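Notes follow once the structure below has been shown.
The values are calculated or read from the model by the stated rules, or taken from the named source; none is laboratory data. Everything numeric in this text was worked out from a predicted model, so none of it was measured. A quick note on method: Cβ atoms are made from the backbone with ideal geometry, for glycine too, and the neighbour counts reach across all protein chains shown. Heavy atoms of the whole protein, side chains included, go into the accessibility calculation; ligands, DNA and RNA do not. Shrake-Rupley method; radii C 1.70, N 1.55, O 1.52, S 1.80 Å.
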Amino acid sequence: MGRPIEGHGVRDARDSCTEVLVPTSRTASAAATGSVTSATSVTALSDVSEPPWGLSAGTKPPDGEHPPHGEQPAPQVPASVSSLSKGPAAKKPGAAEGSGPADARRGPADPVKPLMRRHRDLCERAVDALEIAAGLEADGLTDRTAARYRHRDVFALAEELYARVPGVPAERVAPSGPRAGPDTEARAAWTLLALLPGAACLATAGVLRATEGVLGGGARGAVTALGVLLALLALRMCLRRGPLRAPEGTGRSALYGCWLLGYAVYGEELLAQVISGGPDGPWAATPAPLLGLALAVAPAAWCAHLFSVHARRQLTGSRVLKEFGAGVRPLLLGAVALFLCALVPLLLLADLGYGGGGTPVAVTALGLLFFLARLLSAHGCPEPATTGLAAACAVEAAAPALILAGRLPGLDLLARPVNALVTVAGTGAVPALACGAAALGLLIHAAVALSRASAHTRA
């Protein structure tokens, strides 16, 4: 009679333990796979309850003794499966908390995290996601590459980086100037500066016209030199502010520009004397190109400003880099055409003011070369601009040098191309060819370089 009573008590204890451990086994089965649900429940029961034959856990029954009738010993379950029944409390102390699905996406398997570390400075300094997109594009990232980071394009990837990396509060504040509305005072300031070179040249031309026959040659030369100096200083001030402003370190460009301006004033007369067997004396100056180019500084600044504004709007509305590039190229061509429409009348008026009557093709090509070179420099491409100016200077310098070299015995072949060009189109064909070819090369390069998002970031 003792054994049935004991077995009955053990069964009641097991039933109560089973009812208590139901949540534990359900929790373990939710964390583990569905195939180990029954094994987990049995293991949880074996960990808490004592063996049914009255022995302590972990001891074997004596030899020859078996469990009571109707009772079966708890099966031996591997420790790896047994640990699943312990629920959240069995998590190792070193395990990171919050390792759910969202954290797994941003864990070591997250492909955006290495990119975020590599461009952390860019993301912290950026005032919007567009600047991050421009920086990524400048680093060589394309829309096809963005797919490896699980984003459809560079702009979506930039928005993800901008949202993840917290920036400096003072730098992340949205700018109140160009974003809020047109900065009228700033535009008025650089417009006034852009008018100063033309005003200085006009004032110098007026003084020389008014004092003609009154002042001697030395005095008139001093007035001319003073006017040129004032015009250059005004041009320097203009290029330090506004849409024509470029990073520092463009000293070579300034030297090349002075050479090209000097050739526009004296170059054709020098070439004519060299071809005729000279030079034979002082060279006659042609100040009309200098006056026309000085007056064209203000239209150049406004064309560059309009291009920058509309390109920025195109960048804001684009979602794919190819779409942005396709929208910027017509803007570039429109800005160039608008500048030519303003440049040609000013050059014609300046030429008429000095008694000329020809179409200034060479000076038009020079003005276009200056505009494209400055536009590229202002958008972060100073090296191609310097190269274009240097190429034009090299061609203009090579023309009289080849004529002089052709006078040597046996080297007359060197002078034939220049003589043929001057015979067909005049001495103005040399600067027109030099500046026109350089301007065409810069236009092709600008169509590629300025169609990138990185060329339109703020300084």
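With the requirement that a residue be out of contact with any Ser or Thr (no Cβ under 9 Å at 6 or more places or on another chain) and at negative phi, what does the range 271-280 give you?
GLN273, VAL274, SER276, GLY278, PRO279, ASP280
Scanning the range 381-414 for residues that are among the small types (Gly, Ala, Ser) and outside any helix (DSSP H, G or I), which turns out surrounded by the most Cβ atoms within 10 Å (Cβ to Cβ)?
So the residue we want is GLY406.
What pairs come out if I take residues in the range 307-326 that are exposed (fewer than 14 other Cβ atoms within 10 Å of the Cβ) and part of a helix (DSSP H, G or I) and pair them with residues that are at pLDDT below 80 and of a type in the set (D, E, K, R) whose C-beta lies under 8 Å away, six or more apart or interchain?
Partner pairs satisfying both residue conditions: LYS322/ASP143.
So LEU372 fits all but one of (1) outside any helix (DSSP H, G or I); (2) within 30 Å of LYS322 (Cβ to Cβ); what number is the exception?
(1)
With (1) open to solvent by 10 Å² or more (accessible area, probe 1.4 Å); (2) over 18 Å from LEU244 (Cβ atoms); (3) touching a Lys or Arg at 6+ places or on another chain (Cβ under 9 Å) as the list, and ALA378 as the residue in question, which single condition is left unmet?
The one condition ALA378 does not meet is (2).
Out of all the residues in the range 125-171, which are at pLDDT below 70, part of a helix (DSSP H, G or I) and open to solvent by 50 Å² or more (accessible area, probe 1.4 Å)?
If the condition is that a residue be at pLDDT below 70, part of a helix (DSSP H, G or I) and open to solvent by 50 Å² or more (accessible area, probe 1.4 Å), then ARG125, ALA138, PRO169, ALA170, GLU171 are the ones that fit.
What about ALA453, is it at pLDDT below 90, open to solvent by less than 40 Å² (accessible area, probe 1.4 Å) and touching an Asp or Glu at 6+ places or on another chain (Cβ under 8 Å)?
In short, yes.
Residues are listed down the side, and each one gets a yes or a no for (1) out of contact with any His (no Cβ under 7 Å at 6 or more places or on another chain); (2) without any contact (Cβ under 8 Å) to a residue 12 or more places away in the chain; (3) over 26 Å from THR427 (Cα atoms); (4) among the small types (Gly, Ala, Ser):
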residue	(1), (2), (3), (4)
ARG329	yes, no, yes, no
CYS341	yes, yes, no, no
LEU346	yes, no, no, no
LEU349	yes, no, no, no
PRO360	yes, no, no, no
LEU369	yes, no, no, no
GLY380	yes, no, yes, yes
LEU389	yes, no, no, no
